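Visitor: This is the structure I want to talk about, given as structure tokens.
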Amino acid sequence: MDWKYLLTSFEGRTNRKPFWLSVLILVIVTWILEFILFAIFGTGMMHMDPNATPEATAAAAQQAMSGMMLPIGILTLLILWPSLAIYTKRWHDRDKSGWWTLIIFVPVIGSIWLLVELGFLRGTEGPNRFGADPLA
């Protein structure tokens with residue numbers, strides 16, 4: 001499997017197996033990087049005073065999270081490109097434009113639709129306008 005092509009290119013098609021493998025890898029990498037970021041910036045909830053007032057606890061949590069906004073934003077942007085590339089190739093396998101990824105912005109139904117279409121439904125049999133059948 002050509003991981004560079006899978007995670008960077010917006011052309012071609014991919015079937016369900018590489019889709020799920022790449023999604024799993026991206027989730028694991030994101031979790032690891034978030035764990036590292038939280039360890040570096042020390043924003044764990046374990047360090048908070050259990051005897052503090054709710055207002056003080058909320059203020060401390062807000063201050064801790066404000067220091068994480070930039071690193072989490074950068075991490076999100078780093079993960080965004082490969083995610084969009086994978087989604088686009090999977091939409092192509094379903095013989096639809098990669099712009100269908102925007103359906104995720106439709107509350108509730110969009111996420112379910114994306115999960116069903118990309119994760120569970122089989123791609124178009126044979127070649128389509130986006131390329132050859134990846135299973136052929």
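Visitor: Give the residues of the stretch 1-16 that are at pLDDT 95 or above and either under 20 Å from I72 (Cβ atoms) or in a helix (DSSP H, G or I) (or both), sorted by residue number.
Guide: Residue satisfying the conditions is R16 alone.
Visitor: Looking at this structure, is R94 closer than 17 Å to Y5 by Cα, of a type in the set (D, E, K, R) and either touching a Gly at 6+ places or on another chain (Cβ under 9 Å) or without any contact (Cβ under 8 Å) to a residue 12 or more places away in the chain (or both)? Working first, answer last.
Guide: Values: closer than 17 Å to Y5 by Cα: no; of a type in the set (D, E, K, R): yes; either touching a Gly at 6+ places or on another chain (Cβ under 9 Å) or without any contact (Cβ under 8 Å) to a residue 12 or more places away in the chain (or both): yes.
For R94, the condition - closer than 17 Å to Y5 by Cα, of a type in the set (D, E, K, R) and either touching a Gly at 6+ places or on another chain (Cβ under 9 Å) or without any contact (Cβ under 8 Å) to a residue 12 or more places away in the chain (or both) - is not met.
Visitor: Condition (residue is loosely packed, with under 15 Cβ neighbours inside 10 Å, farther than 20 Å from N15 by Cα and not hydrophobic (A, V, I, L, M, F, W, C)) applied to the stretch 84-97: is it met by at least one residue?
Guide: Our first condition is that a residue be loosely packed, with under 15 Cβ neighbours inside 10 Å; within the stretch 84-97, this holds for 84, 95, 97.
From the residues that got through so far, the ones that are farther than 20 Å from N15 by Cα too are none.
For the stretch 84-97, residues loosely packed, with under 15 Cβ neighbours inside 10 Å, farther than 20 Å from N15 by Cα and not hydrophobic (A, V, I, L, M, F, W, C): absent.
Visitor: Count, please, the residues in the stretch 86-110 that happen to be of a type outside the set (F, W, Y) and in a helix (DSSP H, G or I). Give the derivation first.
Guide: Residues of the stretch 86-110 that are of a type outside the set (F, W, Y), as a first pass: 86, 88-90, 92-98, 101-104, 106-110.
Pick out the ones that are also in a helix (DSSP H, G or I) and you get 86, 88-90, 92-93, 98, 101-104, 109-110.
Looking only at that region, the number is 13.
Visitor: Now, a different point. Within the stretch 1-37, take every residue that is β-branched (V, I, T) and touching a residue at least 12 places away in the same chain (Cβ under 8 Å) and give me the one that is surrounded by the most Cβ atoms within 10 Å (Cβ to Cβ). Let's see the steps before the verdict.
Guide: The first filter runs over the stretch 1-37 and keeps only residues β-branched (V, I, T), leaving 8, 14, 23, 25, 27-30, 32, 36.
Filter again for touching a residue at least 12 places away in the same chain (Cβ under 8 Å), leaving 8, 14, 23, 29-30.
Values: T8: 11, T14: 26, V23: 17, V29: 14, T30: 15.
For the stretch 1-37, the residue satisfying everything is T14.
Visitor: So, in the stretch 68-83, exactly how many residues are surrounded by fewer than 13 Cβ atoms within 10 Å (Cβ to Cβ) and either β-branched (V, I, T) or in contact with a Phe, Trp or Tyr (Cβ under 9 Å, 6 or more places away or on another chain) (or both)?
Guide: The total comes to 2.
Visitor: Please go through the stretch 51-65 and give me each residue that is farther than 14 Å from F38 by Cβ and either in a helix (DSSP H, G or I) or β-branched (V, I, T) (or both), ordered by number.
Guide: If we filter the stretch 51-65 for residues that are farther than 14 Å from F38 by Cβ, which is where we start, we get 51-60, 62-63.
Of everything in the stretch 51-65, those that are farther than 14 Å from F38 by Cβ and either in a helix (DSSP H, G or I) or β-branched (V, I, T) (or both) turn out to be T53, P54, E55, A56, T57, A58, A59, A60, Q62, Q63.
Visitor: Among residues belonging to the stretch 107-136 that are surrounded by fewer than 12 Cβ atoms within 10 Å (Cβ to Cβ) and touching a residue at least 40 places away in the same chain (Cβ under 8 Å), point out the one that is nearest to D2 (Cα to Cα).
Guide: My answer is A132.
The values are calculated or read from the model by the stated rules, or taken from the named source; none is laboratory data. Only a predicted model underlies this, so the values are computations on that prediction, with no experimental measurement involved. Backbone-built Cβ (ideal geometry, glycine too); neighbour counts: all protein chains shown.
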